[in-house]
Amino acid sequence: MAVRKRWNRENLKNKSVEFADTVDSKLVQVIPGLEDEPEDYWQRFKSVIKEQAKEIVRYSIGPTIKKPWITESMLEITDH
């Protein structure tokens, strides 16, 4: 069974104000200048969001749940 990393939604709900405040304060530091290329600014912007999410929201690690195309209830219906 594969393990997937997903953002911990519960932490995001509980810590949304902290996350938003921290991201806001960090983004002020990466405001683009006139000489900055859009791609450079985008990479800094994305980095701030990801770093703060890793620190505050964190990952929820668990097994990947894959649903089979045909379930037991479907088989029961077709058997009747």
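Each value in this text was obtained by applying a stated rule to the coordinates, not by laboratory testing. Everything numeric in this text was worked out from a predicted model, so none of it was measured. Positions of Cβ are backbone-derived with ideal geometry, glycine not excepted, and every protein chain shown enters the neighbour counts.
Which FRET efficiency value, to the nearest 0.05, is calculated for residue 15 and residue 44 with the Förster distance at 25 angstrom and r the Cβ-Cβ distance? Working shown, then result.
Details: r = 23 Å, r/R0 = 0.91.
E(calc), rounded to 0.05, equals 0.65.
What is the dipole size for the chain, taken about its Cα centre, with +1 at each Lys and Arg Cβ and -1 at each Asp and Glu Cβ, in debye to the nearest 20? Before the final figure, lay out the partial values.
On the way: 14 positive and 14 negative charges, 81 e Å.
With only Lys, Arg, Asp and Glu charged at Cβ, the dipole is about 380 debye.
Loop only per DSSP, at most 16 neighbouring Cβ atoms within 10 Å: give me the GluC sites (Glu not before Pro) in segment 1-48, ordered by residue number. Spell out each step's value before the answer.
Working: sites: 10, 18, 35, 39; in loops: 35.
Filter output for segment 1-48: 35.
For the chain, what is the calculated [θ] at 222 nm in deg cm²/dmol (nearest 500), taking -39500 (n - 2.57) for each run of four or more DSSP H residues and dividing by its residue count?
Values: 4 runs with 42 residues, N = 80.
Per the formula, -15500 deg cm²/dmol.
Which percent of Cα pairs goes in each bin when the distances of segment 3-44 are cut into 5 angstrom slices starting at zero?
Over segment 3-44, the share of Cα pairs per 5 Å bin runs 5, 19, 17, 15, 16, 14, 9, 4, 0 percent.
Across segment 3-79, how many lysine pairs separated by 8 or more positions, or lying on different chains, have Cα atoms within less than 25 Å?
Lysine pair count for segment 3-79: 20.
Take the Cα radius of gyration of segment 3-79 and divide it by 2.2 N^0.38 Å, with N its residue count; two decimals is plenty.
Values: Rg = 20.4 Å, N = 77, 2.2 N^0.38 = 11.5 Å.
In units of the 2.2 N^0.38 Å rule of thumb, it is 1.78.
Taking +1 at the Cβ of each Lys and Arg and -1 at the Cβ of each Asp and Glu, which of 48, 71, 17 sits farthest along the dipole of the chain towards its positive end, judged by Cα position relative to the Cα centre?
Result: 71, furthest along the dipole toward the positive end.
Let me have the relative contact order for the chain, percent, based on Cα pairs under 8 Å that are six or more residues apart. Don't jump to the answer; show the numbers that get you there.
Numbers: 53 pairs, mean separation 43.2, N = 80.
Across the chain, relative contact order equals 54 percent.
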